[in-house]
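Reading through the structure tokens given below for one structure.
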Amino acid sequence: MHITIAGGGIGGLVTALALHDAGISVRVYESVPTLQPLGVGINLLPHAVRELTRLGLQAQLETTGIPTADLSYYNKFGQLIWTEPRGRAAGYAWPQYSIHRGRLQMLLLDEAIARLGADNVRTGCHLSDFETFDEQVRARFVNRETGETVADEWADALVGADGIHSVVRRTFYPDEGLPRWSGRMLWRGVSVAEPFLTGRSMVMIGHADQKFVAYPIDPLLAYQGRSRVNWIAELNVGTDTMPVRQDWNRKADPATFAPPFANWQFDWLDVPALIDSTDAVYAYPMVDRDPLPRWTFGRVTLLGDAAHPMYPIGSNGASQAILDARALTDALTNSPDDIPAALQAYETARLAPTAQIVLMNRQNGPEQVMQLAEERAPLGFQQVEDVITRGELETIAQRYKQIAGFEREKLSQV
């Protein structure tokens, strides 16, 4: 069996590692000529860390990411709404990691090259088109700048792990159009600052129309008593002005978004100082796509953001792609003689759960607690229990863990 993967992001690389670990031949094709440690921070939830640990990556994660100790939600006045331990601090068998996305991708890339061989991890190869046959799939890859064909690959299956602008997805859904925009913009940056709260805390402040997220991502700097803080500023800017695709991930002037956060100076975190001390800020629209009725077409299927792009709420994007990788590998291992059936089994296992997360994230997922506090107490509160009962807070937190698949009790039984 030989599998072709279009896309060398986190989902594509973890899938390659998992398939190789299961004894399945695999080759990855990535569009960009050179993969670089780009991006900012992400979080890996315990169920995703479990799968990476299964692939022998625990030691690398420990030296690359921060094991998140707790997650706390605050209102716009810096008043605590809800806090809960995370990862091992919450009794999980695996940590939750706050980690730089680019560093994680480089870790996975190095492992893939070492295990699969350099010839099986090819860059500068953009998927142009593909044809499906009864027994195989033929995929053509081009140099994106010149249009020259650089690879013509035959395989038993093609996995489209090629992101929110997936060529594979567009082939099957040509009329889908642009991603669905929330009306919210995200500005992301990384600053070096004093540690805040536990030094391994993740915080979310504000409400649906104005939010600030911060967490540390550099374990080496933490050992020196400093903190490299990933932060995200979010504002609702309306639904009529989504930037064109070429402007996504572009550098931004803090003056365009910082003023509404000017007074967010709390005893435990100085938001304006974090923004001011950042060398580069990047802007992104908050987008997703509607859940699909199917991912699999014969010997071709979708994975990760190509299958289920979602709002960056609840720390689920990368984690769900990693769970996809495990489900796909298990399906192919369990049904090696009927690949279309295996791909269909993978879809059956993953399509409905990820669709539920996409829709839940549109309702702000676990961050609903911040919006409830804003709606019920826009001027703040003396005690959060006067505004939201502890039962409500616990229900919201537990419901999202259940939907996203990382309930501690269920994971401990696997």
Requested in this report: Residues being within 19 Å of the chain's Cα centre (by Cα) and either surrounded by fewer than 20 Cβ atoms within 10 Å (Cβ to Cβ) or in a helix (DSSP H, G or I) (or both): count how many of those fall in the stretch 1-15.
Outcome: 6
**Report entry** Answer from Ile24, Ile42, Ile10 - the residue that is of a type outside the set (Lys, Arg) and within 20 Å of Val168 (Cα to Cα)
**Finding:** Ile10
Query raised in the report: Tell me, which strands (runs of 3 or more DSSP E) lie completely within the stretch 16-91 with 3 or more residues that are more than 24 Å from Trp187 (Cα to Cα)?
Result: 25-29, 80-85
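Name the single residue that is modelled with the lowest pLDDT among those in the stretch 269-280 being in a loop (DSSP other than H, G, I, E, B) and in contact with a Ser or Thr (Cβ under 9 Å, 6 or more places away or on another chain). Show your work before the answer.
Our first condition is that a residue be in a loop (DSSP other than H, G, I, E, B); within the stretch 269-280, this holds for 269, 277-280.
Filter once more, so that each one left must be in contact with a Ser or Thr (Cβ under 9 Å, 6 or more places away or on another chain): 277-279.
On the way: Ser277: 93, Thr278: 91, Asp279: 86.
The selected residue is Asp279.
From the list Met370, Met360, Met310, pick out the single residue that is in contact (Cβ under 8 Å) with a residue 40 or more places away in the chain and touching a His at 6+ places or on another chain (Cβ under 9 Å). Step through it out loud before you land on a result.
Details: Met360 fails: touching a His at 6+ places or on another chain (Cβ under 9 Å); Met310 fails: touching a His at 6+ places or on another chain (Cβ under 9 Å).
Checking each option against the conditions leaves just Met370.
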Report task. Mind listing whichever residues of the stretch 353-394 are hydroxyl-bearing (Ser, Thr, Tyr) and under 29 Å from the mean Cα position of the chain (by Cα)? Result -> Thr354
Requested in this report: For the stretch 120-169, please list each of the strands (runs of 3 or more DSSP E) lying entirely inside it that holds at least 3 residues being without any contact (Cβ under 8 Å) to a residue 12 or more places away in the chain and under 29 Å from the mean Cα position of the chain (by Cα).
Outcome: none
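Regarding the stretch 57-70, can at least one residue be identified that is of a type outside the set (A, V, I, L, M, F, W, C), more than 20 Å from Ala325 (Cα to Cα) and either crowded, with 23+ Cβ neighbours inside 10 Å or under 16 Å from the mean Cα position of the chain (by Cα) (or both)?
Of the stretch 57-70, the ones of a type outside the set (A, V, I, L, M, F, W, C) are 58, 60, 62-65, 67-68, 70.
Retained after the next criterion (residues that are more than 20 Å from Ala325 (Cα to Cα)): 62-65, 67-68, 70.
Retained after the next criterion (residues that are either crowded, with 23+ Cβ neighbours inside 10 Å or under 16 Å from the mean Cα position of the chain (by Cα) (or both)): 65, 68.
Checking the stretch 57-70: at least one residue is of a type outside the set (A, V, I, L, M, F, W, C), more than 20 Å from Ala325 (Cα to Cα) and either crowded, with 23+ Cβ neighbours inside 10 Å or under 16 Å from the mean Cα position of the chain (by Cα) (or both).
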Report summary line: Filtering the stretch 334-352 down to residues that are at pLDDT 95 or above, surrounded by fewer than 16 Cβ atoms within 10 Å (Cβ to Cβ) and either under 20 Å from the mean Cα position of the chain (by Cα) or closer than 17 Å to Thr15 by Cα (or both) yields Asn334, Ala352
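Out of the residues in the stretch 289-329 meeting the condition of being among the hydroxyl-bearing types (Ser, Thr, Tyr) and under 16 Å from Ala157 (Cβ atoms), tell me which one is surrounded by the fewest Cβ atoms within 10 Å (Cβ to Cβ). Let's see the steps before the verdict.
Step one: of the stretch 289-329, the residues among the hydroxyl-bearing types (Ser, Thr, Tyr) are 296, 301, 311, 315, 319, 329.
Filter once more, so that each one left must be under 16 Å from Ala157 (Cβ atoms): 296, 301, 329.
Numbers: Thr296: 21, Thr301: 28, Thr329: 26.
So, considering only residues that are among the hydroxyl-bearing types (Ser, Thr, Tyr) and under 16 Å from Ala157 (Cβ atoms), the one surrounded by the fewest Cβ atoms within 10 Å (Cβ to Cβ) is Thr296.
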Report summary line: When (1) out of contact with any helix residue (DSSP H, G or I) (no Cβ under 6 Å at 6 or more places or on another chain); (2) within 30 Å of Ile24 (Cβ to Cβ); (3) among the acidic types (Asp, Glu) are applied to Asp156, the one that fails is (1)
Query raised in the report: Any idea how many residues of the stretch 253-284 are surrounded by 20 or more Cβ atoms within 10 Å (Cβ to Cβ) and of a type outside the set (Phe, Trp, Tyr)?
Result: 5
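Go through the stretch 113-144 and report how many residues are of a type outside the set (S, T, N, Q) and either within 21 Å of His165 (Cα to Cα) or surrounded by 17 or more Cβ atoms within 10 Å (Cβ to Cβ) (or both). Step through it out loud before you land on a result.
Taking the stretch 113-144 as the starting set, the residues that turn out to be of a type outside the set (S, T, N, Q) are 113-119, 121-122, 124-127, 129-131, 133-135, 137-142, 144.
Still in the running and either within 21 Å of His165 (Cα to Cα) or surrounded by 17 or more Cβ atoms within 10 Å (Cβ to Cβ) (or both): 116, 121-122, 124-127, 129-131, 137-142, 144.
Qualifying residue count for the region: 17.
The values are calculated or read from the model by the stated rules, or taken from the named source; none is laboratory data. All values derive from a computational prediction rather than experimental measurement. Every residue, glycine as well, gets a Cβ built from its backbone with ideal geometry; the counts of neighbours run over all protein chains shown.
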